[in-house]
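The values are calculated or read from the model by the stated rules, or taken from the named source; none is laboratory data. Fair warning: this is a prediction, and the values are worked out from it, not measured in the lab. When we count neighbours, we look across all protein chains shown, and the Cβ atoms used for this are built from the backbone with ideal geometry, even at glycine.
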């Protein structure tokens, strides 16, 4: 199965050799990455440091069919060994807790290996800038998996904004509420809750870092607006929780537009309810992640229209990343796979001696280390604003 309009796997018989750091037994996002990488048949998963615990690393790797000599418990050993192999990995997926992103990415960049990293890309903008410079120096691809940018209707919305169909953008409202941390789940030993609630592993942001960065990136991706200043309040509603579980942020954009961002993990009745609304001088758009195949389009003075994925109303940007006919929903895994496929196209184009035909048309695009740096700067600005009692704070990136 391939993205409509992209080069087929048959045109490029050599799959990209992929490794992974993190994502062993008990992990959620590692499995998502592996499924996404295989969905369009562009990658072969061949090596991993799936856990820092040797026994767990071996069990996890063996369960996934990795050769024993390519199962590692130390990511630095993996980077060195794979770089030395004639059949070593070309790209690594980093799916560890946040505090490990920077050292792992640095090790593989230094080894000459492309990086696909979960968000937030680092816990500090200083580290993100260091990785940005290293990737540029090494001329390597550094992708960040803000996977919501891979949905066809998100790309539809982006193209509509770029074409001026909304007119001048005035108002941006984005929210990402969940309810899974309404109680102190981290005290039960639940792995995902435990590290996300720990400042040493998650970084300075709780909900704002875990899901608020997705909301921030989605708004930036669709609107193309530059966020210059924000005013934030972070709250930890659950007693004894070390990091925020609710965030309210007012936004000011360079073009004069205004926005609101709400991220919460203590909102009962919300599972993964990411929603974006954009209003301009000519009309408004609304997209909801839990119903991703429809985009609500409201031209000023006209009835609201529902644009469905893979129909005649969808534009070229949406059609290019749709896989199956209308009426067959595409969702989270497919959106994740879109990013992996876009990255695969870029990696193939970067291969030594890659023919011109290997370069995608239109060019592949995906969130990069530049977007990752903006996300970390956003978290830092939100935390700083909240600590100062909600003072307006400018962004550094």
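Values for this structure:
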{"read-out": "Within the range 24-43, tally of residues that are modelled with pLDDT of 95 or more and either at positive phi or outside any helix (DSSP H, G or I) (or both)", "value": "4"}
{"read-out": "The range 359-375 residues that are in the same structural domain as residue 226 (by TED's automatic domain parsing) and more than 9 Å from residue 144 (Cβ to Cβ), paired with ones that are modelled with pLDDT of 70 or more and not in a helix (DSSP H, G or I) (beta carbon under 6 Å, 6 or more apart)", "value": "none"}
{"read-out": "Hits in the range 78-90 (condition: touching a strand residue (DSSP E or B) at 6+ places or on another chain (Cβ under 9 Å) and either under 19 Å from residue 139 (Cβ atoms) or surrounded by 24 or more Cβ atoms within 10 Å (Cβ to Cβ) (or both))", "value": "78, 79, 82, 88, 89, 90"}
{"read-out": "Subset of the range 138-156 that is assigned to a loop (DSSP other than H, G, I, E, B) and touching a helix residue (DSSP H, G or I) at 6+ places or on another chain (Cβ under 7 Å) - its residue that is farthest from residue 323 (Cα to Cα)", "value": "140"}
{"read-out": "Residues located in the range 123-132, provided they are assigned to a helix (DSSP H, G or I) and out of contact with any strand residue (DSSP E or B) (no Cβ under 9 Å at 6 or more places or on another chain)", "value": "125, 126, 127, 128, 129, 130"}
{"read-out": "Subset of the range 64-77 (residues that are surrounded by fewer than 16 Cβ atoms within 10 Å (Cβ to Cβ) and either closer than 27 Å to residue 209 by Cα or free of Cβ contacts under 8 Å to residues at least 24 places away in the same chain (or both))", "value": "65, 67, 68, 69, 74"}
{"read-out": "Matching option when the condition is buried (at least 24 other Cβ atoms within 10 Å of the Cβ), in contact with a helix residue (DSSP H, G or I) (Cβ under 7 Å, 6 or more places away or on another chain) and part of a helix (DSSP H, G or I), among 105, 135, 93", "value": "105"}
{"read-out": "Flag if residue 114 is free of Cβ contacts under 8 Å to residues at least 40 places away in the same chain and in contact with a strand residue (DSSP E or B) (Cβ under 7 Å, 6 or more places away or on another chain)", "value": "no"}
{"read-out": "Residue list for the range 324-346, filter: assigned to a helix (DSSP H, G or I) and modelled with pLDDT under 95", "value": "345, 346"}
{"read-out": "Number of positions in the range 306-317 that are in contact with a strand residue (DSSP E or B) (Cβ under 8 Å, 6 or more places away or on another chain) and surrounded by 14 or more Cβ atoms within 10 Å (Cβ to Cβ)", "value": "5"}
{"read-out": "Residue within the range 196-206 that is closer than 30 Å to residue 309 by Cβ and either at pLDDT 95 or above or in contact with a helix residue (DSSP H, G or I) (Cβ under 8 Å, 6 or more places away or on another chain) (or both) present", "value": "no"}
{"read-out": "Elements of type strands (runs of 3 or more DSSP E) in the range 242-305, at least 1 residues being within 30 Å of residue 391 (Cβ to Cβ) and at pLDDT 95 or above", "value": "246-253, 258-264, 275-280"}
